[in-house]
Amino acid sequence: MANPSTGFGGAGTEVLRRAYSDSMSNSEVTLLTGVANHILTVLTVIFTERSDAVRNVRMYVDADLSGNDIFLLEDQEIPPTGTFVYSDRFVLTETDKLLATLMASGNVDVWISYIDQQLA
């Protein structure tokens, strides 16, 4: 896939990307990790419950890999065989990590769409 140039003089790139986690449960999962000299703009995070039970999800950012978690979702309910879409945009930089976990064991798939901007 070609990377379109952004800015003047073709400095940097901007590419649509995706990440996913198959069968997330109650263990912490890293969904996306910042990259040096990149800005990751998360567009959508889709959570899909794959069994027949209500599940509750947490999604948070370890900002600057400081160990201080900033919660984006604290206890979001996903209905049985249902879907929850988080569509508020947010940015990750090189020392940020996006994490998620379920409040109890379960089977939830996660799909993430984001823009990866590489700085010149």
Unit-weight point scatterers at every alpha-carbon of the stretch 46-120, Debye formula, q = 0.12, 0.14, 0.19 1/Å: log10 I(q)/I(0) is -0.37, -0.50, -0.82
Can you run phi through the Karplus equation (6.51, -1.76, 1.60; θ = phi - 60°) for the stretch 87-96 and list ³J(HN,Hα) in whole Hz, with x for Gly and Pro?
10, 6, 7, 8, 10, 10, 10, 4, 10, 9
Provide the gained length on full extension for the span ARG89 to ASN56, in nm with one decimal, where the gain is 0.36 nm per separating residue minus the Cα-Cα distance.
9.8 nm
Percentage relative contact order, the stretch 16-118, counting C-alpha pairs under 8 Å, at least six apart:
50
I'd like the Karplus ³J(HN,Hα) series for the stretch 70-79: coefficients 6.51, -1.76, 1.60, θ = phi - 60°, whole numbers in Hz, and an x wherever there's a Gly or Pro.
9, 7, 9, 10, 9, 8, 7, 7, 10, x
Quick one: which residues, 5+ away or cross-chain, put their amide H under 5 Å from the amide H of ALA53? H built at 1.01 Å from N.
THR81
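Values in this text are rule-based calculations from the coordinates and carry no lab data. What you see is a predicted model, and the numbers here were worked out from it, not measured in a lab.
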